[in-house]
Amino acid sequence: MLFDLDGTLLDSAPDMLATVNRMRAQRDRPPVAMEELRPHVSKGARAMSAAAFPDADLAERQDMVPEFLSIYREELGRHGGPFDDIAALLDALEADGVTWGVVTNKPEYLASEVLRALDWQFRCKVLIGGDSLAERKPHPLPLLHAARTLGVDPADCVYVGDDERDIEAARAAGMPSVVALWGYRLGDDLPQDWGGDVMVEQPGELLDPARWPRRAVHG
């Protein structure tokens, strides 16, 4: 089973909020509220910078990305943590002999720091970041490479993600997918239209293999 990171395994919105509010404070601007930022978290640093600074033009937002990543590295793990039931889910997968890994668009060095902070670095059997390969999600290459690293056919994996790009990547890779409805979505996102094989409301639902996509369970 492969997972997206932010919005799927990790509720990183509090760390992201601390990041953008430090950026705003440096510009003598008041803080933004969680509800303003949270829907953008799975879209990446550029999207969060745009949400935090809606009056900035495209070039200004692009210039903010290195600053965002630098500050986020300092705030990483200080405010957020795994979603409820994620720890129990990972324990149950391992107890059943299911190998798991992470495929994220977060830079690999930051994702590695997250795994170390959570003591997951040895439990996670493959980590693919947004800069690990020549392509990133929604391109299928990261998922195909993760499956190849694990020595399994993509059709025998399940990918769990909270963003349309996750489901698009899984479909292109021929990998069964699960839409994590507990994650971060914009108001006009329609996950039922993403083409995922299964939608689940809470991580605990995946403790029941009957909730996994049937083609992954039955081969």
### Gain upon complete extension [Ala59, Arg22; 0.36 nm per residue less C-alpha separation]
11.3 nm
### Task
Using 0.36 nm per residue of separation minus the Cα-Cα distance, give me the extension gain between His139 and Arg73 in nm, one decimal.
21.2 nm
### Message
Pick from Arg38, Arg78, Arg165 the residue whose mean-square fluctuation is largest in a GNM of the chain, springs joining Cα atoms under 10 Å.
### Response
Arg78
### Message
Explain nothing, just the number: dipole magnitude of the chain about its Cα centre with +1 on each Lys and Arg Cβ and -1 on each Asp and Glu Cβ, in debye rounded to the nearest 20.
### Response
420
### Folded to 0 to 90 degrees: helix 141-150 orientation relative to the chain principal axis, Cα
50
### Query
For the chain, what is the calculated [θ] at 222 nm in deg cm²/dmol (nearest 500), taking -39500 (n - 2.57) for each run of four or more DSSP H residues and dividing by its residue count?
-12000 deg cm²/dmol
## Note on the structure
Quick note on Ile128, Ile86, ordering by fewest other C-beta atoms within 10 Å, gives Ile86, Ile128
#### Entry: Sequence-distant residues sharing a close amide H with Val103 (under 5 Å, placed H)
Phe3, Asp4, Ile128
### Task
Provide, as a two-decimal number, the C-alpha radius of gyration of the stretch 86-207 over 2.2 N^0.38 Å, N being how many residues it has.
1.01
### Query
When a footprinting reagent is the concern and you count Cβ atoms within 10 Å, what order do Asp55, Asp208 take, fewest first?
Asp55, Asp208
### Task
Scan (1) 17.8, 62; (2) 18.8, 54; (3) 17.0, 57 for the value of Rg and Dmax of the Cα atoms in Å calculated from this model and give just the label.
(3)
#### Entry: Low-density loop cleavage sites - trypsin sites (Lys or Arg not before Pro) in the stretch 1-55, where at most 15 other Cβ are within 10 Å (DSSP)
Arg27
### Task
Please identify, among Asp96, Asp163, Asp188, the residue showing maximal mean-square fluctuation in a Gaussian network model of the chain using a 10 angstrom Cα cutoff.
Asp188
### Message
Compute a Gaussian network model of the chain, connecting alpha carbons closer than 10 Å, and tell me which residue from Val103, Val160, Val65 fluctuates the most.
### Response
Val65
### Query
Where the centroid of each part is defined by its Cα atoms, how far is the stretch 63-82 from the stretch 26-44 in Å?
12
### Task
Mind checking the stretch 88-177 for chymotrypsin sites (Phe, Trp or Tyr not before Pro) that DSSP puts in a loop (not H, G, I, E or B) and that have at most 15 other Cβ atoms within 10 Å?
Phe122
### Task
Find how much the distance from Asp85 to Asp193 grows on full extension, using 0.36 nm per residue of separation minus their present alpha carbon separation; answer in nm with one decimal.
36.3 nm
### Query
If each residue's Cβ is checked for other Cβ atoms within 10 Å, how do Ser12, Ser70 rank with the fewest at the top?
Ser70, Ser12
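Any read-out appearing in this document is the output of simple, stated calculations on the displayed coordinates, not a laboratory observation. For clarity, every value in this text was computed on a predicted model and none was experimentally measured. Note: ideal-geometry Cβ built from the backbone for every residue, glycine included; neighbour counts use all protein chains shown.
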